Amino acid sequence: MAQSAPLLFNEWQNFYVVVGSAAGALTGLQFVVIALVAQTRAAGSIRDIRAFGTPTVVHFCSALMISALMVMPWRILTPFGVCLGGCGVFGLVNSSIALWHARKAAYRPDLEDWIWYSILPFVAHIALLTAAGLLFRNATWSLFTIAADSLFFLILGIHNAWDTVTYIAVNMRADRGNVNLTMFLILEAPPLEAATDASFH
């Protein structure tokens, strides 16, 4: 097992270079999203950010961390499995905290939000823990599970970042519509003096 570790990991080097590069680049996407939130009326409380913004960064960082672990020059699988399991535990704790914030946030998530922001992250981190345990029984299947999980973290992050951007865009459009309607009513309303004179006649 110890001698086969370098060979097993070398076969995945190119895959994780691509995944890690994508995860690192896409992490900046969430900073752009938060900047957009700060500039619009869609901005909520810090609890909203911790419930729906921070987990997206964690998803990208999870894919990046997995990629970094996979390209490290491991000689035996034990420390790699421990680090991988530690990432899974950290992810579960972070998902639990995000769930707690989501239940108390000003924004009320619908069923789709609960699936993408709460249920699927739990599944992904449990899969990571499972892969860490499976590593010592069937390394080949474990490595394929880890690869699928790293891609899944990327998909989660991309979906949630896009979901936030579209939510902001829709709310900005609604706000502009309300502003335009208000301005129309103000401009089209008769002058106060004329309205007062008309009331006496």
Sequence order, segment 52-69: Karplus ³J(HN,Hα) from phi using 6.51 cos²θ - 1.76 cosθ + 1.60, θ = phi - 60°, Hz rounded, Gly and Pro as x, gives 10, x, 4, x, 5, 5, 4, 4, 5, 5, 5, 4, 5, 5, 4, 4, 5, 5
Taking Lys and Arg as +1 and Asp and Glu as -1, residues besides Ala106 with C-beta under 11 Å from its C-beta add up to +2
Whole-Å distance linking the alpha carbon centroid of segment 146-170 with that of segment 13-92 is 11 Å
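Here, each number is a calculation from the coordinates, and none is a lab measurement. This structure is a prediction, so every number in the text was calculated from the model and none was measured. For neighbour counting, all protein chains shown are included, and Cβ atoms are generated from backbone atoms with ideal geometry for every residue, glycine included.
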